[in-house]
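Values in this text are rule-based calculations from the coordinates and carry no lab data. Note that the structure is predicted; figures quoted are calculated from it, not measured. Cβ atoms come from the backbone with ideal geometry, glycine included; neighbour counts cover every protein chain shown.
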Amino acid sequence: MSPAPGRTLAGADTELARLTAACEAIAANLVEFDADPAKASLDAGPLTGRTQAAWAEATAAAAQLWSGYSTLRELTGRATDLRAGRHLDAAAFAELVLGPSVTLSVTAIPVAERTLLGPGQTTVRCTPAELLASMEAAYTVARSPVARAGAVWSRLIPASAAAAAALADARRQVTEAGAGAATLAAAEQALRAFTGTLESDPLGCREADLAAAEALAARAAAEATSAAGLLGSLRDRLAAAHGLAARITEARVTAGPAESAARAAFGTAEDGDGDPSLAADLTGLDALAAAGHWPLLGSRLAAWTATATRRLRALEDAQARNAAAVAERAELRGRLGAYRAKASRLGGAERPDLTDLADAAKSLLYTAPCDLAAARTAVERYQTAVASLTATTTDRGQR
């Protein structure tokens, strides 16, 4: 029997190849998603606040993904077997691949709500393509809190550990000096509250709370230093500030080439310049030390060090992001070249659709300023097209 109008055998073959390739990609991505350390932490819980709500939605979406994947894999398996049969029912094959062959739900209709001749249940169906589209949306819901929580944890867990170390140092100074205890207690309470929120509700965590705890710890240390008259410690800290200033200068020089390369490639770049006020402020701290204003120096030096540390981190992060962007462009260029070679080997180098996709990707990658996001999308489109060509070639070889 021939397929219904509008559903050709060739179209069904193309869609089956697409669905089969999608199944393979989904399986790999779901396994990788399940292995994500951030997901494991979210699964372990306990969670609160915004993270708890987002993870409840994500968990439901993940269940939908696995169920959809199982359905899609079973359907593509049946379709492949049907297509390979000796007596192909083209209409049944096309209906299975292109028609509303996926049962999403079956709901019983209460007797009180039925008509005499009406059905006893309502069945909701969709096409495999519609199922795949709904799975893509579910994957976005499932992946979003994992990516966001992972990013928060990777950034703020080391920062909170550094704050805890600073607090321990402040505690030692307060113990030795016998001063600053009240401020230290407030800092400890603030840091405990922050780390508790960071653990259970990373999506609701506020970096400003960590900064407040750091500021309190710095103030407690400054009070202890001032009260105890630890002039040597202040001199050491001032020397360390000069060392930090030198590191900032070095980081600015190191970040310059990456910034220049990114600006040349993309027309813009992460700011790799240092804070010019830091040098002037450090000169002011030297003047306070020379004049013997140690209590005032202690508090201002703590603030300067915190600002300088953040600036050094920003410089290093800017260099990393600029270098990563340039490296990604290079990787995309290499990937494009590899897939063009693959397309040529498969005999698709002269296909107008592939040529257009490759030319579009090349134009984006080799034009300055480069739109990296658009270039990434263009290369992925070409890669997908070549993958489809591979699937089609394999299918023809099997037939």
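Structure values in brief
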quantity	calculated
Which label in [x] 21.0, 71; [y] 30.7, 99; [z] 33.4, 106 gives the computed Rg and Dmax of the Cα atoms in Å	[y]
Within-13-Å neighbourhood charge of A212 [Cβ basis; K, R +1; D, E -1]	-1
The stretch 279-361: trypsin sites (Lys or Arg not before Pro) in DSSP loop, at most 16 other beta carbons within 10 Å	none
Net charge of Cβ neighbours under 10 Å - reference A375; Lys, Arg +1; Asp, Glu -1	+1
Charge dipole magnitude, Cβ of K and R +1, D and E -1 - the chain, Cα centre, debye nearest 20	560
Formal net charge of residues neighbouring T384 (Cβ-Cβ distance under 13 Å; K, R +1; D, E -1)	+2
Expected 222 nm ellipticity per residue - DSSP helices of 4 or more, -39500 (n - 2.57), all of the chain, to 500	-28000 deg cm²/dmol
Interchain or long-range residues, amide H under 5 Å from R125's placed H	L104
Virtual spin-label span in nm between A10 and H242, 7 Å along Cα→Cβ	8.0
Using θ = phi - 60° and Karplus 6.51 cos²θ - 1.76 cosθ + 1.60, couplings along the stretch 143-157 (whole Hz; Gly, Pro as x)	7, 4, x, 5, 5, 5, 5, x, 5, 5, 5, 5, 8, 9, 5
